[in-house]
Amino acid sequence: MDFAIRSDNPEKYRGDCIVVGVFESRKLTEAARVLDEAGKGHLGRIVDQGDMDGRANTTLLLHGISGIDSKRVLLIGLGKEEEFGEKVFLDVVRTIFKALQPTGVKDVGLYLTELTVKGRDVAWNVLQTVILAEESAYRFDRLKSKPEGRQPSLAKVDIGITDTSTAAAVETALQQGLAIAHGMKVTKDLGNLAPNICTPSYLAGQAEEMARTFNLKFSVLEEKDMEELGMGALLAVARGSHQPAKLIVLEYHGGKDSEKPVALVGKGVTFDAGGISLKPAAEMDEMKYDMGGAASVFGTLTAVAELKLPINVIGVIPTTENLPGGNATKPGDVVTSLSGQTIEILNTDAEGRLILCDALAYTERYDPEVVVDIATLTGACVVALGHVVSGVMGNDEPLVQELLQAGEQTYDRAWHLPLFDEYQEQLKSNFADTANIGSRWGGAITAACFLSRFTKKFRWAHLDIAGTAWKSGKEKGATGRPVPLLTQFLISRANKH
Ligand code: BES
Ligand code: MN
Ligand code: ZN
């Protein structure tokens, strides 16, 4: 999809459709008023008749109004003017693209980007609009023998801006929005792909291809390398599967040589059946998304490379299946991790932390500035926070604040959970240095506590994205989160120096 910023008057917009807003009750926005004037009061009359009263997310599509150059006018209800905030704005933009879908509209001019959204600026409105436009066109039909339903016709989105003083900020927002949207698509595609196709080897292949496209450094550890290094925790998870585990490293070099890299470590369990601690059958297919953290590292690196950010970033992706094969790890097995700490595996379904602890210990040798791991780690995090925000924990308050802030800025929000020492007690083992699970309570936190035992040598934060990386139900699919948060985090860091 193409995007452009336009500063001509709405009545001069000569596309397939122009979109203007109406507040409740029946109040035309400035752009709608200008358009109405050009159309000799046509819009006003329709609104007065009661066909559009401005209730949020109602739409009315009009055709061939004389005096207006655009072939169609889409009126969109914006709700009460004093309640026009972030959520309403985002819902309204989503509604617009949905309303356009059954039409043949190829190019659309949006004239509501300059509306004041409480607490936000025009650049934010533009960035979100770009992301939502790309999202509305997203399909995952490569596994269908023939495409279903109507293919999206929308190819061009013009964003009308009259206040040219914001032009530079708006242009930057457009580029960042596009990069984030492209990164989200990469993340969604990997997440949605069937787990018989998206295996650890497939991810390694994708990483290699990405390295070629963006000129990144690529390396991969095979199981024999892991054995030599002593990655007993990662290997313990891989034992039940016939697919070989991999540890992928991608290095993006946009900053000075002397600058330490930001490390992103993504959980890449391409299918989590639970291992011997087998999961129930219902909805088990959704455990193909258990590589959402890894997928978000791919997506974020795509966005970073596209924006050519002046920063060094490395992506570390431990990837394996978690299956109950005859050779699988059993509850009670004790393994030695790369860090030297021994782990009693009491539940083989707590596998994410096992592959991450070795990946985190391995990341040490890249001398990172900060380390952020991203993982669909616990059902407990979904119980605590639902599907709205990701959980964030860490050993460095400023880093946690940076991530929260990046999430707030992009509306890909996260929430800080406590990592108090009291929770560590749950991880005591009678037979090894540490157990891999705690009690039933505070599961998202005890998982992070486990990771914290392997991150003592650097500033570290953990994002639990179990609730945010994908949607269940009718609209089942990967969401592309937390690519906006992570990309913004890196944009902000790159801007600082
Ligand atoms: N991949 C799951 C976490 C998960 C569960 C993500 C539901 C999304 C939805 C993880 O590997 C897991 O199985 N965690 C266990 C940990 C438990 C055994 C301590 C869980 O959350 O039940
Ligand atoms: Mn599991
Ligand atoms: Zn898992």
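What follows is calculated from the coordinates using simple rules that are stated; it is not laboratory data. Computed from a prediction, not measured in an experiment: that's the story for all the values here. For neighbour counting, all protein chains shown are included, and Cβ atoms are generated from backbone atoms with ideal geometry for every residue, glycine included.
The C-alpha radius of gyration of region 13-66, expressed as a fraction of 2.2 N^0.38 Å, stands at 1.04.
Taking 0.36 nm per residue of separation and subtracting the current Cα-Cα distance, fully stretching the chain between Q151 and L61 would add 30.4 nm.
Working out 0.36 nm times the residue gap between S201 and A167, then minus their Cα-Cα distance, what length gain in nm do you get to one decimal?
Working: separation 34, 0.36 × 34 = 12.24 nm, distance 4.48 nm.
Gain on stretching S201 to A167: 7.8 nm.
Using the Cβ-Cβ distance between R33 and E408 with R0 = 30 Å, the FRET efficiency computed as 1/(1 + (r/R0)^6) comes to roughly 0.35.
For an R0 of 35 angstrom, estimate the FRET efficiency from the Cβ-Cβ distance between S258 and E86 and round to the nearest 0.05.
Values: r = 39 Å, r/R0 = 1.13.
Approximately 0.35, to the nearest 0.05.
Computed over the Cα atoms of region 176-219, pair by distinct pair, the Kirkwood hydrodynamic radius stands at 11.4 angstrom. Projecting the Cα atoms of L110, M210, Q176 onto the charge dipole of the chain (Cβ charges, centred on the Cα centre) puts L110 farthest toward the positive pole.
Taken over the Cα atoms of region 2-161, the convex hull encloses 105 Å³ per residue.
So, with +1 on the Cβ of K and R and -1 on the Cβ of D and E, and no other charges, what is the size of the charge dipole of the chain about its Cα centre, to the nearest 20 debye?
Working: 53 positive and 65 negative charges, 193 e Å.
Roughly 920 debye for the chain.
Given Cα pairs under 8 Å that are at least 6 residues apart, what percent is the relative contact order of the chain? Present the calculation step by step, with values, prior to reporting the outcome.
Numbers: 1138 pairs, mean separation 67.3, N = 497.
In percent, rounded to a whole number, it is 14.
Each residue in S296, S70, S452 was given a count of other beta-carbon atoms within 10 angstrom of its own, and listing them fewest first yields S452, S70, S296.
Taking other Cβ atoms within 10 Å as a rough exposure proxy, V237, V157 sort from fewest to most as V157, V237. Considering the options A263, Q409, G315, tell which one lies farthest towards the positive end of the dipole of region 183-496, charges being +1 on Lys and Arg and -1 on Asp and Glu at the Cβ, about the Cα centre. Highest projection toward the positive end goes to Q409. Counting only the backbone N, which residues of region 56-80 are under 11 Å from the spot 7 Å out from the Cα of R45 toward its beta-carbon? Only 66 fall inside the zone, counting backbone N under 11 Å.
Qualifying trypsin sites (Lys or Arg not before Pro) in region 405-452, where qualification requires a DSSP coil assignment and no more than 13 other C-beta atoms within 10 Å, comprise K428, R440. Neighbour counts of other Cβ atoms within 10 Å put F489, F218 in the fewest-to-most order F218, F489.
Spacing of the modelled spin labels on D121 and K217, each 7 Å from Cα toward Cβ, amounts to 3.7 nm.
For region 329-368, evaluate the Debye formula with one uniform point scatterer on each Cα (no solvent term) and list log10 I(q)/I(0) at q = 0.15, 0.17, 0.36 Å⁻¹, rounded to two decimals. Taking Cα atoms of region 329-368 as identical point scatterers yields -0.37, -0.46, -1.22.
Its DSSP H runs of at least 4 residues, each contributing -39,500 (n - 2.57), put the calculated 222 nm mean residue ellipticity of the chain at -11000 deg cm²/dmol, to the nearest 500.
Overall, the ratio between the Cα radius of gyration of region 257-389 and 2.2 N^0.38 Å, rounded to two decimals, is 1.15. Starting from a Cα-only point model with no solvent, please compute log10 I(q)/I(0) by Debye for region 183-496 at q = 0.07 1/Å. The Cα Debye sum returns log10 ratios of -0.22.
Highest first, please rank the peptides 205-211, 460-466, 337-343 by the mean number of other Cβ atoms sitting within 10 Å of their residues.
In decreasing order of mean packing, 205-211, 460-466, 337-343 become 460-466, 337-343, 205-211.
Between the C-alpha center of region 117-144 and that of region 260-290 there is a gap of 27 Å. Here region 2-161 carries DSSP beta bridges of which approximately 25% are antiparallel, counting only pairs with both residues inside.
I'd like to verify something in the chain: which complete DSSP H helices, judged by Cα projection on the helix axis, reach 15 Å or more and average at least -0.5 on the Kyte-Doolittle scale? Spell out each step's value before the answer.
Values: long enough: 86-100 (22 Å, 0.81); 122-136 (21 Å, 0.79); 167-192 (37 Å, 0.23); 200-214 (21 Å, -0.39); 292-307 (22 Å, 1.19); 352-363 (16 Å, 0.97); 397-410 (20 Å, -0.45); 483-496 (20 Å, 0.44).
Those that clear 15 Å and a mean of -0.5 are 86-100, 122-136, 167-192, 200-214, 292-307, 352-363, 397-410, 483-496.
For L143 and K308, what does the FRET efficiency come to when R0 = 30 Å and r is the distance between their Cβ atoms, rounded to the nearest 0.05? It comes to 0.35.
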